[in-house]
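Before any comments, here is the structure.
The values are calculated or read from the model by the stated rules, or taken from the named source; none is laboratory data. Source: prediction; values computed, not measured. Cβ placement follows ideal geometry from the backbone for every residue including glycine, while neighbour counts extend to all protein chains displayed.
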Amino acid sequence: MRNARSLIRALPVSPAVVLLVLFLGGPIAYCAWIAFTDLQLTGQAEESFVGFDNFRTAFGDEAFLNAVWLTLVFTVVSALVGQNTLGLALAALMQRASKPVRTLVGGIVVTAWVLPEVVAGFLLYAFFRREGTLNTLLEWLHLPTQNWLFTLPILAVSFANVWRGTAFSMLVYTAALGEIPKEITEAAEVDGAGGWRRMWHITLPMIRRSIGTNLMLITLQTLSVFGLIWVMTRGGPGGRSQTLPLFMYEEAFQKSMIGYGTAVALLLLVVGSLFSVVYLRLLRTEV
Amino acid sequence: MPVRPTASLPTLLAVTVVAAGGLTACGGGSGSDPDTVKVSFKQSTDNSIKVMDTYLADIKKQFEKANPGKKVEFVPIKAPDSEYYTKLQQMLRSPKTAPDLVYEDTFLINSDITSGYLKPLDPYLAQWKDWDQFIDTAKAAAKGEDGKTYGVPDGTDTRGLWFSKDIFDKAGLPADWQPKTWDDVLDAARTIKTKVPGVIPLNVYTGKPVGEAATMQTFEMLLYGTNDGKADPLYDKSAKKWVAGSQGFKDSLEFVETVYKEKLGPDVSDALDPNVMTRVRGEWLPQGKLAIALDGSWLPQDWLAGSGHEWPEWSEELGLAAMPTQNGQAPGKVSMSGGWTWSIPAKAGNPDLAFEFIKTMQTKANAQKWYVANSGIAVRQDVANDPAYIDAQPGIKFFTDLVASTHYRPAYPAYPMVSTAVQEAMEGVTTGDLSVDDAAKAYDEELRSAADDQVIEK
């Protein structure tokens, strides 16, 4: 009797569960399987199971290690440092700014965010290239120019990601700062705490959870950035801006090594979860 | 009362199985409509170039008129070469997405044959008398290792040196320039560099951003001119092994290094820009900013009327020279050939109709129209001998004559990876990140893993 009732109760959610299993669980399981085979896009009649070979190849592959390193640089520079601090700074400054300034700055930042990734990529390609806007500006200031996409590709794409993604952090922090009760800040002000001290001792501890959430979200977003870098540099020159998603694309679709590419994708997933674990711990500890 | 997940599990499983079964069982194939033939081809990424679109639209009209009740549906893929292959291969994997007819680069055809993506055409070809008109080397281009033929070539191409007569004049170089050795080419570039500042002396494609163009238009044009002209310097056909550690390989890399180290080529950052091919044809050559270009026979299709950047004067302003062998050894000149073929996917729904479409495309008149339209080199004897074809465009005779000293790539399944390894080595010496020796060593290592150790030291 009880069984039948539970069954009936489970019915309404079952379509959703079936869809999840089919369209989410299925492909993920299939991917995990492919990562242990030597499946190719072309040039092979049948694939076979190769165990951990793909993973062994990855860790012995200089290009892979280079991509891991660049992914870390890209994530730390553009997400953790760039987007995060700039977003917080903008949110803090805008709290004090007049309404027109707030609307204008917010409008510009959010525009960068809503632009499609590829469009943003082309804009920044035009900004950094040799005949681009940045060099025109530098020339006007009588400063030396260079082809930024060629000399400092990973920093150029990191800057592009900061430009594009800061809006998200800014919005998160604007909401968080808005929830700090005015009395607390005012009390601190009365006690003689300056701006920096208020920031350090009151604001930051109070928005700690938002910081953790924000860091987690922007890290995961940044780890999977592909279009922006592809449009600006294609991972070049000489692999100097080839992050893991680009490396994965090249192995899977250009060299047609789907099995190996998928193994790299799984490793990227591991990198993402490592970051997540760190942030989750950050969220849990009490001050 | 909480719902126990175990209670509903059997139901869920049952529903899942039924749903999954339904999904996989409904692969109807591209031939769901037996009267429509679906044709996939590579559409130019340059919107102003409609050569193929125009030609195919004309064939479609002829085909639909000659076969009442039948329809042609185009499935164009608009992408750069390397992404076109990827997209096509994904489509060929499943009967739901496989078109009835595809445009295959001979670069990848063997790879796709090995994968079982294509259908052997021998039964069709046996009953098609026009097939006898195709020259033997072209027939071989679409042959699998099993000896069966998997595609009908629609032309080939050759490669050589294009040069600006105007810049040559300013540099004091002859208008009938024909270098005898690599050094002659480099010396001409050096002369231009000193005497005509502000122009790019010599363009050779390099690095991964341009993909196969770097391997074939530059590297193999050099490599196949390094040895005696008989043995294949990339793949030993008798031993069925890839060649590693050859001096010719290093010499070819050194040529590329010299071009970029001595700043005889475009700025390295321009050379590694993925759009450099478009710039060479659309900007640098027509605007007189580039003196010598090592490039393919098809360039004039970008300059035809209606292309968006017409340049009918090119035949007066540009000279043509064959690429010399390294030290002028016999046969004195070198060229590489490739080209594309029309193939029928193994999972095509309407293969018979698809072959009818090939036949319409490959009547003598239509084939000739196509060679002229895309600046292709004829693979049909009857067209090659037709004065109307030879005179249709300046340069056609020059490039058709190169067919005698041309080479085809060893397009075996490992080739795409070997090609990428070549591009990486080239990019290394172009940027100056790697010395020639280190780049060659890195290539040898990549080669071993790409070719499953089927490698021979030379």
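Looking at A:GLU251, is it among the acidic types (Asp, Glu), within 30 Å of B:THR86 (Cβ to Cβ) and modelled with pLDDT of 85 or more? Yes.
Of all residues in region B:388-402 being at negative phi and in a loop (DSSP other than H, G, I, E, B), which is surrounded by the fewest Cβ atoms within 10 Å (Cβ to Cβ)?
The selected residue is B:ASP391.
From the list B:TRP182, B:TRP131, B:TRP177, the lone residue that is of a type outside the set (Gly, Ala, Ser) and not assigned by the TED database to the domain that holds B:GLU317 is B:TRP131. Only one entry in B:THR194, B:THR226, B:THR218 is over 20 Å from B:GLY296 (Cβ atoms) and part of a helix (DSSP H, G or I), namely B:THR194. For region B:266-288, what are the residues that are in contact (Cβ under 8 Å) with a residue 24 or more places away in the chain, more than 14 Å from every other protein chain (Cβ to nearest Cβ) and outside any helix (DSSP H, G or I)? Within region B:266-288, B:LEU285, B:PRO286, B:GLY288 qualify.
The C-beta contact set for region A:141-155 (first residue at the interface with another protein chain (Cβ under 9 Å from one of its Cβ atoms), second residue among the β-branched types (Val, Ile, Thr) and in a loop (DSSP other than H, G, I, E, B), distance under 7 angstrom, 6+ apart or interchain) comprises A:LEU149/A:THR233.
For A:VAL172, state whether it is outside any helix (DSSP H, G or I) and modelled with pLDDT of 90 or more. So A:VAL172 does not fit the description; no. If the condition is being surrounded by fewer than 16 Cβ atoms within 10 Å (Cβ to Cβ) and of a type in the set (Gly, Ala, Ser), then region B:178-204 contributes only B:GLY198.
Across region B:80-90, the qualifying residues are those that are within 11 Å of another protein chain (Cβ to nearest Cβ) and in contact (Cβ under 8 Å) with a residue 12 or more places away in the chain, and the one among them that is nearest to B:SER40 (Cα to Cα) is B:LEU88. Within the option set A:GLY121, A:GLY82, A:GLY132, being within 14 Å of another protein chain (Cβ to nearest Cβ) and modelled with pLDDT of 90 or more holds for one residue only, A:GLY121. Of the residues contained in region B:416-433, one or more are found to be acidic (Asp, Glu), buried (at least 21 other Cβ atoms within 10 Å of the Cβ) and either part of a helix (DSSP H, G or I) or within 14 Å of chain A (Cβ to nearest Cβ) (or both).
In region B:325-332, the count of residues that are within 23 Å of B:GLU212 (Cα to Cα), over 21 Å from the mean Cα position of the chain (by Cα) and in the same structural domain as B:TRP162 (by the TED database) is one or more. Among the helices (runs of 4 or more DSSP H) confined to region B:37-143, the ones with at least 3 residues that are touching a Lys or Arg at 6+ places or on another chain (Cβ under 8 Å) and more than 28 Å from A:ARG234 (Cβ to Cβ) are located at B:51-66.
Contact map, region B:446-458: first residue modelled with pLDDT of 85 or more, second residue outside any helix (DSSP H, G or I) and loosely packed, with under 15 Cβ neighbours inside 10 Å, Cβ cut-off under 7 Å, separation 6 or more or different chains; pairs are B:GLN454/B:LYS240; B:ILE456/B:ALA239.
Highlighted here are the helices (runs of 4 or more DSSP H) found entirely within region A:182-252 that include at least 1 residues which are more than 19 Å from A:VAL270 (Cβ to Cβ): A:182-190, A:195-198, A:208-223, A:227-232.
When the criteria are applied in full, A:ARG9 meets the requirement of being in a helix (DSSP H, G or I), modelled with pLDDT under 90, surrounded by 13 or more Cβ atoms within 10 Å (Cβ to Cβ) and at the interface with chain B (Cβ under 9 Å from one of its Cβ atoms). Checking each residue in region A:18-42 for being more than 25 Å from A:MET248 (Cα to Cα) and crowded, with 18+ Cβ neighbours inside 10 Å picks out only A:VAL18. Scanning region A:62-85 for any residue that is surrounded by fewer than 12 Cβ atoms within 10 Å (Cβ to Cβ), under 29 Å from B:THR86 (Cα atoms) and not basic (Lys, Arg) turns up at least one such residue.
Residues that are farther than 18 Å from B:GLN368 by Cβ, at pLDDT 90 or above and surrounded by fewer than 18 Cβ atoms within 10 Å (Cβ to Cβ) within region B:48-73 comprise B:ASP53, B:GLU64, B:LYS65, B:ALA66, B:ASN67, B:PRO68, B:GLY69, B:LYS70, B:LYS71, B:GLU73, listed in sequence order.
Which residues, counting only those in region B:409-439, are more than 23 Å from A:PHE150 (Cα to Cα) and among the aliphatic types (A, V, I, L, M)?
Taking region B:409-439 as the starting set, the residues that turn out to be more than 23 Å from A:PHE150 (Cα to Cα) are B:409-419, B:437.
Matches in region B:409-439: B:ALA411, B:ALA414, B:MET417, B:VAL418.
Where residues in region A:202-255 are away from every other protein chain (no Cβ under 14 Å), closer than 30 Å to B:PRO274 by Cα and not β-branched (Val, Ile, Thr), which of them is surrounded by the fewest Cβ atoms within 10 Å (Cβ to Cβ)? Top of the filtered list is A:SER224.
Being acidic (Asp, Glu) and exposed (fewer than 14 other Cβ atoms within 10 Å of the Cβ) is true for just one of A:GLU117, A:GLU139. Which residue is that?
Exactly one residue qualifies, and that residue is A:GLU139.
Scan B:ALA140, B:ALA214, B:ALA175 and give me the residue that is buried (at least 23 other Cβ atoms within 10 Å of the Cβ) and touching a residue at least 60 places away in the same chain (Cβ under 8 Å). Write out each step before concluding.
Values: B:ALA140 fails: buried (at least 23 other Cβ atoms within 10 Å of the Cβ); B:ALA175 fails: buried (at least 23 other Cβ atoms within 10 Å of the Cβ).
Checking each option against the conditions leaves just B:ALA214.
If you go through region B:96-136 and keep only what is in contact with a Ser or Thr (Cβ under 8 Å, 6 or more places away or on another chain), free of Cβ contacts under 8 Å to residues at least 40 places away in the same chain and loosely packed, with under 15 Cβ neighbours inside 10 Å, you end up with just B:ASP122. Being within 14 Å of another protein chain (Cβ to nearest Cβ) and either touching a helix residue (DSSP H, G or I) at 6+ places or on another chain (Cβ under 8 Å) or surrounded by fewer than 21 Cβ atoms within 10 Å (Cβ to Cβ) (or both) is a description that applies to B:GLY207. Residues of region A:142-169 that are among the hydroxyl-bearing types (Ser, Thr, Tyr) and either surrounded by 22 or more Cβ atoms within 10 Å (Cβ to Cβ) or not in a helix (DSSP H, G or I) (or both): A:THR145, A:SER158, A:THR166, A:SER169.
Selection of region B:328-342 for residues being of a type outside the set (Gly, Ala, Ser) and buried (at least 21 other Cβ atoms within 10 Å of the Cβ) yields B:LYS333, B:VAL334, B:MET336, B:TRP340, B:THR341, B:TRP342. The sole residue among A:ALA45, A:ALA4 that is within 10 Å of chain B (Cβ to nearest Cβ), aliphatic (A, V, I, L, M), under 30 Å from B:ALA421 (Cα atoms) and out of contact with any Phe, Trp or Tyr (no Cβ under 7 Å at 6 or more places or on another chain) is A:ALA45. Is it fair to say A:GLY178 is among the small types (Gly, Ala, Ser) and within 30 Å of B:VAL276 (Cβ to Cβ)? So A:GLY178 does not fit the description; no.
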